[in-house]
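Chemist: One structure, as structure tokens, below. Some questions next.
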Amino acid sequence: QVQLVESGGGLVQPGGSLTLSCAASGSIFSIYAMAWYRQAPGKQRELVAIISSGGNTNYADSVKGRFIISRDNAKNTVYLQMNSLKPEDTAVYSCFSPQSGSWGQGTQVTVSS
């Protein structure tokens, strides 16, 4: 079972930036695809971005051009760099390992002036 721990959330003004991190346990992290999801109050959880083991990426239309997902296999960590943040990006962000079915505990991101 892969364990995932997110960090880096917080309060940021509109137009600002944040970078989330998701640290994974286990020695086979490099072969896993990894994803970031988010869930805003009263809304369904949605896929934000996904990165394959080979580094291929896909993004939700709502974040294309603003968010960047990346990974450092040596550190067993996946990142989500979030730029030009908008109030509608406010949500709990969680990382997910599709192959293992593991979720992190989530980290709150609040975009507000």
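The values are calculated or read from the model by the stated rules, or taken from the named source; none is laboratory data. All of these numbers come straight from a predicted model, not from anything done at the bench. We place every Cβ from the backbone using ideal geometry, glycine too, and count neighbours over all the protein chains shown. The accessibility values were calculated without ligands, DNA or RNA, using every heavy atom of the protein model including side chains. Shrake-Rupley method; radii C 1.70, N 1.55, O 1.52, S 1.80 Å.
Chemist: How much FRET efficiency would the formula 1/(1 + (r/R0)^6) give for GLN3 and GLN81, where r is the Cβ-Cβ distance and R0 is 22 Å, rounded to 0.05?
Modeler: In this case the efficiency is close to 0.45.
Chemist: Also: Taking amide H positions as placed 1.01 Å from N in the peptide plane, with prolines and chain starts having none, which residues 5 or more places from ARG71, or on another chain, fall under 5 Å of its amide H?
Modeler: Counting only residues 5 or more places away or on other chains, the set is TYR79.
Chemist: Ok, one more. Just to be sure I understand: of the beta bridges DSSP finds with both ends in the chain, what percent are antiparallel, rounded to 5?
Modeler: Details: 34 of 37 bridges.
Here the antiparallel bridges make up roughly 90 percent for the chain.
Chemist: Let me ask something additional. For the chain, which whole-number percentage of the solvent-accessible area (1.4 Å probe, protein heavy atoms only) is attributable to carbon and sulfur atoms?
Modeler: Details: 2770 of 5810 Å².
It is 48 percent, rounded to a whole number.
Chemist: Now for a different question. Residue by residue through the range 16-26, which ³J(HN,Hα) values in whole Hz follow from phi under the Karplus form 6.51 cos²θ - 1.76 cosθ + 1.60 (θ = phi - 60°), with glycine and proline marked x?
Modeler: x, 10, 9, 10, 8, 10, 9, 8, 10, 8, x
Chemist: Hey, another quick one. Solvent-accessible area per residue for the chain at a 1.4 Å probe radius, Å²?
Modeler: 51 Å²
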